[in-house]
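Comments concern the structure below.
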Amino acid sequence: MLIYQCAKCQQQYAKVVSVCAKCLCQKLIETEVSDEGELVTWTTIRRAPAGFSVNAPYDVVVVDLICGLRVTGRLAQESIPPTMYARVKRIATEEGSPIFSVMT
């Protein structure tokens, strides 16, 4: 999984930013990190907003990646049901958002 890391203070970001919020450095480096992490929490969206209703119901998840960065994404439709602290792995990215699956 690609993340962005400040060249000066090593602050990590899941999405590209133009300036580091911690030290104001403008140099961010793309860094490859493990796709695996731990499920922190999730919610099931049953009444999706316009444009997403075709996917409903779907799970929005918060994952602590192994590198320490917390990211938000979706759980794959074909994934086994989520449980607290389950090990997950990013299996895809759609429109800049990671798609995770619970590991067995």
* Going by the conditions given, is Ser79 open to solvent by less than 50 Å² (accessible area, probe 1.4 Å) and either basic (Lys, Arg) or outside any strand (DSSP E or B) (or both)? -> yes
* To do: Within the stretch 1-14, work out how many residues are open to solvent by 40 Å² or more (accessible area, probe 1.4 Å), farther than 24 Å from Ile99 by Cα and either touching a residue at least 40 places away in the same chain (Cβ under 8 Å) or within 20 Å of the chain's Cα centre (by Cα) (or both).
  => 1
* Asked: Of all residues in the stretch 67-104, which are over 22 Å from Val16 (Cα atoms) and among the small types (Gly, Ala, Ser)?
  -> Ala76, Ser79, Ala86, Ser101
* Structure fact -> Across the stretch 15-69, the tally of residues that are touching a residue at least 40 places away in the same chain (Cβ under 8 Å), in contact with a Phe, Trp or Tyr (Cβ under 6 Å, 6 or more places away or on another chain) and either part of a loop (DSSP other than H, G, I, E, B) or surrounded by fewer than 13 Cβ atoms within 10 Å (Cβ to Cβ) (or both) stands at 0
* Given (1) in contact with a Phe, Trp or Tyr (Cβ under 9 Å, 6 or more places away or on another chain); (2) open to solvent by 90 Å² or more (accessible area, probe 1.4 Å); (3) of a type outside the set (S, T, N, Q), index of the condition Gly73 fails -> (2)
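The values are calculated or read from the model by the stated rules, or taken from the named source; none is laboratory data. Just so it is clear, the model here is predicted, and its values are computed rather than measured. Don't worry about glycine lacking a Cβ; one is built from the backbone with ideal geometry, like all the others, and counts go over all protein chains shown. Accessible surface is based on the protein model in full, side chains and every heavy atom, while ligands, DNA and RNA are left aside. Shrake-Rupley method; radii C 1.70, N 1.55, O 1.52, S 1.80 Å.
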